[in-house]
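Please read the structure below before turning to the comments.
The values are calculated or read from the model by the stated rules, or taken from the named source; none is laboratory data. If you're wondering where the values come from, they're calculated on a predicted model, not measured in any experiment. Reconstructed Cβ throughout: ideal geometry from the backbone, glycine too, with neighbour counts over all protein chains shown.
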Amino acid sequence: MQAFGRNFDATAASIQSLKRGSKFVLRAITPETSVIGAEDLIPSFLKQYATRVSLYQGRSFGRLICAGMTRHGGRCVNLVHPFNGPKGTDNAYRKGLMSRSECCYPTARGQQLIADLLYGTGLAPLR
């Protein structure tokens with residue numbers, strides 16, 4: 001997890017450095033907890049851990065991604081709450097935001113939600 005945070009931070013720093021003096025927006029999204037609601041697709045020996053690990057990863061990656069974006073002048077949309085509710089344990093598949101048939105990615109409705117949330121972060125200084 002720490003290596004991911006360092007790598008993400010270095011990537012955001014590189015982008016910021018390359019764009020210095022230019023008008024640009026730097027945005028990122030975090031992962032949702034995609035295992036919740038798709039436990040039956042996970043091998044049985046992993047099921048007892050999968051939901052907790054998915055929630056831990058969603059929250060942890062979210063903190064690292066959003067911290068890196070903040071440090072480098074960007075903004076972040078954490079998808080855990082919009083997809084999985086206030087505790088991060090709601091079933092995004094049941095909400096129609098994730099697809100089980102093309103497991104485990106956002107549906108068109110989920111993609112639209114992500115686009116709306118990103119747009120909601122603003123477009124300054126471009127506008």
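Before we move on, is Gly88 without any contact (Cβ under 8 Å) to a residue 60 or more places away in the chain, farther than 24 Å from Ile15 by Cα, touching a Leu at 6+ places or on another chain (Cβ under 8 Å) and assigned to a loop (DSSP other than H, G, I, E, B)? Yes; evaluated as a whole, the condition is true for this residue. Pairing each residue of the range 7-21 that is over 16 Å from Phe61 (Cβ atoms) with any residue that is of a type in the set (Asp, Glu) and surrounded by 15 or more Cβ atoms within 10 Å (Cβ to Cβ), provided the two are 6+ apart or on different chains, yields no C-beta distance under 9 Å. The selection criterion, being of a type outside the set (Asp, Glu), assigned to a loop (DSSP other than H, G, I, E, B) and either surrounded by 21 or more Cβ atoms within 10 Å (Cβ to Cβ) or in contact with a Gly (Cβ under 6 Å, 6 or more places away or on another chain) (or both), holds for Ile36. For Ala108, the test of being surrounded by fewer than 15 Cβ atoms within 10 Å (Cβ to Cβ), at pLDDT 95 or above and of a type in the set (A, V, I, L, M) is passed. Could you go through the range 51-58 and let me know if any residue there is part of a helix (DSSP H, G or I) and either more than 27 Å from Gly96 (Cβ to Cβ) or in contact with an Asp or Glu (Cβ under 7 Å, 6 or more places away or on another chain) (or both). Yes, some residue in the range 51-58 is part of a helix (DSSP H, G or I) and either more than 27 Å from Gly96 (Cβ to Cβ) or in contact with an Asp or Glu (Cβ under 7 Å, 6 or more places away or on another chain) (or both). Residues that are in a helix (DSSP H, G or I) and of a type in the set (Gly, Ala, Ser) within the range 1-33 comprise Ala3, Gly5, Ala10, Ala12, Ala13, Ser14, Ser17, listed in sequence order. The conditions of being among the hydrophobic types (A, V, I, L, M, F, W, C), part of a helix (DSSP H, G or I) and within 21 Å of Ala3 (Cβ to Cβ) are met by Cys66. Give me the residue from the range 111-123 that is aliphatic (A, V, I, L, M) and modelled with pLDDT of 95 or more and, out of that set, surrounded by the most Cβ atoms within 10 Å (Cβ to Cβ). Going through the qualifying residues, I end up with Leu113. Residue count for the range 1-33, restricted to those that are among the aromatic types (Phe, Trp, Tyr) and surrounded by fewer than 17 Cβ atoms within 10 Å (Cβ to Cβ): 2. Within the range 8-59, the set of residues being within 14 Å of Cys104 (Cβ to Cβ), of a type outside the set (Ser, Thr, Tyr) and under 13 Å from the mean Cα position of the chain (by Cα) comprises Pro31, Glu32, Gln57, Gly58.
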